[in-house]
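Contents: one structure, followed by commentary.
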Amino acid sequence: MKNIYLLGATGSIGTQTIEIIEKHPEEFKLKAISGYKNLDKIKEIASRFSLDLISVKDKEDAKSLEELYPYINIVYGDSGLVSLSTLNKDDENGVLINALVGMVGLRPTIEAIKINRDVLLANKETLVVGGHLIKELLEKHKVNLYPIDSEHNAIWQILQGEDTKAIKKLYITASGGSFRDLNREELKEVTLKEALNHPNWSMGSKITIDSATMMNKGFEIIEAAYLFDLDIDSVVPIIHRESIIHSMVEYIDSSISALLAIPDMRMPISYAMFYPKRKESLIKPIDFTKLSKLSFEPVDYIRYPLVKLAFEAYNLGGSARTVLNAANEAAVALFLSEKINFLEIEKIVIRAVSNHKVIEFPSLEEIYEIDLAVKKEIYGHYKN
Ligand code: NAD
Ligand code: MG
């Protein structure tokens, strides 16, 4: 029996995680959840599970829940997320699932590792900005961090029993996002509604926009370099429109292993939750008689400049990745509130990274300072 501490329970990954927990009450017990603004969803989850702790956005929301649930510990804000990830410190069966969006997930992940708690990570922004800190802590505390992101989960599955020294390349597949059939000229006219309409996956709004700009793939390249301890130039993004192959590993003998499944996040979430066992999942297998083709195209870095920028930011060193992420979080938030157009997202992120003076190994405090400063400047610029 695993005890689940779930950050981001009200989101897309969080909801699918809860579906798996509900299907397997003999394997998992949901102990604590965080939400942010969606109190109705939090109440709905609280009515179905016996929770020890709920973390919400602010004091006001916490108060309203305290009246409803006098026996549940209600916490709030960024410190509430840490209270959740470190709840019941001595719980040997405790696992943190981090399904938050954005770098707000960094500190709770770090604190969970410090109490020797294994982490199942969907929240890739955490590795983009704090990969160097997380890696060091994982080694120090002998803690496991398992990826939920489908590409990395696929590579993790493929590498079971393999000698990681024999890896030559990782192919990270990419759908190409909502605008894969448009050229840069056509991108000038696109709307928010169109951007939110992903061809293959149903996900939260931020990652859907990140997929359309392919910043998401840039983040995943950095995520892969950290998770699998590889030189970043061994990580190769490739457009695969069908999202059936979730990623591939090429070995030194030129053989290649791929992991295939229909695009449904309940597969990687299940694999990470049940690991090291494999159990039946909630998804259907591929019907090869209905698969007409699997296609592949190289990523054009002029069409998708943020993928190229991710390589550059990684090579520039530590704090360039903080800036890459912070500028992107701010730019996507501005686009989601219709304050800027689609192509301005790229401009903002590129400008922020090129204006930054790099600190090679920023501390956690420096990361938070830089994050705040970058976001403040961008929001200040687009205030009206
Ligand atoms: P989502 O927007 O659906 O959910 C995000 C969750 O985080 C919600 O519970 C929300 O309440 C919470 N949250 C947002 N801002 C917060 C803040 N400032 N403080 C505290 N809580 C906050 O996002 P999602 O699609 O579930 O994605 C979650 C993470 O998983 C992201 O890092 C994303 O890149 C990654 N991921 C998602 C998918 C997918 O299919 N959805 C696939 C791969 C990776
Ligand atoms: Mg992914």
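We did not get these values from a lab; they are worked out from the coordinates using the rules stated. Just so you know, these numbers come straight off a predicted model, no measurement behind them. No Cβ is skipped: glycine too gets one built from the backbone with ideal geometry, and neighbour counts run over all protein chains shown.
Here region 63-79 and region 18-49 have alpha carbon centers that stand 15 Å from each other.
Counting beta carbons within 10 Å around each of Thr289, Thr15, Thr164, Thr322 and listing the fewest first gives the order Thr289, Thr164, Thr15, Thr322. Estimated from the Cβ-Cβ distance and a Förster radius of 22 angstrom, the FRET efficiency linking Asn93 and His141 is about 0.85. Placing unit charges on the Cβ atoms of the charged side chains and taking the dipole of the chain about its Cα centre, the candidate lying farthest along the positive direction among Tyr271, Leu53, Val299 is Leu53. Percent of Cα pairs in region 99-147 per distance bin of 10 Å, from zero to the largest separation: 31, 62, 7.
Plainly put, region 1-125 has a radius of gyration that is 0.92 times its Kirkwood radius, both from alpha-carbon atoms, as the Rg/Rh ratio. Spacing of the modelled spin labels on Asp58 and Tyr251, each 7 Å from Cα toward Cβ, amounts to 5.6 nm. With helices as the sole contributors, the chain gives -14000 deg cm²/dmol at 222 nm; each DSSP H run of n ≥ 4 counts as -39500 (n - 2.57), and the sum is divided by every residue. Exceeding 30 Å between C-alpha atoms, which entries from my cross-link table qualify? They are Lys193/Lys347; Lys290/Lys347; Lys124/Lys279. With Cα atoms farther than 30 Å apart: Lys290/Lys347. For the chain, the Kirkwood estimate of hydrodynamic radius, built from reciprocal distances between every pair of different alpha carbons, is 21.4 Å. Considering only Ile172, His381, Val353, the residue lying farthest towards the positive end of the dipole of the chain is His381, judged by Cα position with unit charges set on Cβ.
A Förster radius of 51 Å combined with the Cβ-Cβ distance from Leu260 to Asn355 puts the calculated FRET efficiency at roughly 0.75.
Scalar couplings 3J(HN,Hα) for region 176-186, obtained by applying the Karplus form with A = 6.51, B = -1.76, C = 1.60 to θ = phi - 60°, are x, x, 4, 10, 5, 9, 9, 8, 5, 4, 5 Hz; x denotes Gly and Pro. Can you pull out the GluC sites (Glu not before Pro) in region 148-216 that DSSP calls coil and that have at most 13 other Cβ atoms within 10 Å? The qualifying sites are Glu162, Glu189.
Solvent-free Debye calculation, one equal scatterer per alpha-carbon of region 128-182: log10 I(q)/I(0) at 0.21, 0.25, 0.30 Å⁻¹ equals -1.04, -1.17, -1.18. Projecting the Cα positions of Leu106, Pro25, Tyr71 onto the charge dipole of region 1-119 (unit charges on Cβ atoms of Lys, Arg, Asp and Glu, taken about the Cα centre) puts Leu106 furthest along the positive direction. Each Lys and Arg Cβ is given +1 and each Asp and Glu Cβ -1; about its Cα centre, the chain then shows a dipole of about 320 debye. Taking 0.36 nm per residue of sequence separation and removing the Cα-Cα distance, the Val190/Leu68 pair yields an extension gain of 39.5 nm.
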